[in-house]
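Read-outs throughout are calculated quantities, based only on the coordinates presented, and are distinct from any laboratory measurement. Keep in mind the model is a prediction, meaning the values are calculated, not measured. For neighbour counting, all protein chains shown are included, and Cβ atoms are generated from backbone atoms with ideal geometry for every residue, glycine included.
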Amino acid sequence: MLQLLEFIAALAALIFIHETGHYLACRLFKIEVDEFGFGFPPRIAKLFTFQNTEFTLNWIPLGGFVRPRGENDPSIPGSLAGANPWVRIGVYLAGPLSNILLAVVLYAIIISRIGITDPDRTNVVLINGVVANSPAAGAGIQVDDIVLQVNDIKIDSTTKLHDAIYANLDQLITVQLQRGDQTLEVSLTPRSNPPEC
């Protein structure tokens, strides 16, 4: 049940980001937006109005929608259908581009947190950054160290490293590293509530 809820929440977030892209593009190109709906109709309530756009809450919690003014009627002033074709293309592409941008940002965050797989060597996880005052920094882990093992788990992917760390939050772990020609072991305690950067 929890996995289903997580899937619905992730899908809703993706759709919401997609629709936000359309909304912002409409604003950029001076296309009026009549409604920005959270979820899909039927409507529960109108939340507020901002710049002539009604922000609404709807019953079906799977993302949202944007209703540009005159989407199919070019005779309406400030309508999407009456805009320049390049403007319409920009509005339509803004949704998918927002999802791509989100993927790039999330990927960058993940890589900055858990490192990357070295492309020159298969099944190798290379540390590309260590946060100051973190347990990793305190244990002496350095940039370009290769993670070989966490406790008794062989590390051959960033996913395995993530899972091994998150399975041992607030518990002392042993990390085996390769640094140049040297193999060494360090101990650290991953924090469940790290301070905000």
Just tell me, in residue order, which DSSP H segments of the chain are both 18 angstrom or longer along the helix axis (alpha-carbon based) and at least 1.0 in mean Kyte-Doolittle hydropathy.
2-28, 85-114
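Within the chain, which is the longest segment containing none of the trypsin sites (Lys or Arg not before Pro) that sit in a DSSP loop and have at most 13 other Cβ atoms within 10 Å? Intermediate values should be presented prior to the final figure.
Values: sites that count: K30, R121, R191.
No qualifying site falls inside 31-120, the longest such stretch.
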The set of residues whose placed amide H lies less than 5 Å from the amide H of G64, leaving out same-chain residues fewer than 5 positions away, is F16, G39
When only C-alpha pairs under 8 Å and at least 6 residues apart count, what is the relative contact order of the chain, in percent?
14
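Rounded, prolate or oblate: which one fits the chain, using the alpha carbon gyration tensor with axes a ≥ b ≥ c (rounded when a/c is under 1.5, else prolate when a/b beats b/c, else oblate)? Let's see the in-between values first.
Numbers: a/c = 3.52, a/b = 2.49, b/c = 1.41.
Note, shape of the chain comes out prolate.
To the nearest 20 Debye, how big is the dipole of the chain about its Cα centre, given +1 on the beta carbon of each Lys and Arg and -1 on that of each Asp and Glu? Mind showing how you got there, number by number?
Values: 13 positive and 19 negative charges, 117 e Å.
Its charge dipole is roughly 560 debye.
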Calculate the all-directions average of the projected area of the range 32-116's alpha-carbon convex hull, and give it in nm².
7.8
Candidates L28, L14, L80; GNM for the chain (alpha-carbon contacts under 10 Å) flags as most fluctuating L28
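For the range 124-197, compute Rh as the Kirkwood radius over C-alpha pairs and then the Stokes-Einstein diffusion coefficient at 25 °C and 0.890 mPa s; write the answer in µm²/s, rounded to an integer. Present the calculation step by step, with values, prior to reporting the outcome.
Details: Rh = 12.4 Å.
Here the translational diffusion coefficient equals 198 µm²/s.
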Might you report the magnitude of the Cβ-based charge dipole of the range 2-113 about its Cα centre, with Lys and Arg at +1 and Asp and Glu at -1, to the nearest 20 debye?
180
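Compute the Rg/Rh shape ratio of the range 63-168: radius of gyration over Kirkwood radius, all on alpha-carbon atoms. Each step should come with its number before you reach the end.
Values: Rg = 23.0 Å, Rh = 17.6 Å.
A ratio of 1.31.
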Among all the lysines, which ones have a C-alpha under 24 Å from K46's C-alpha, if same-chain residues fewer than 8 places away are not counted?
K30
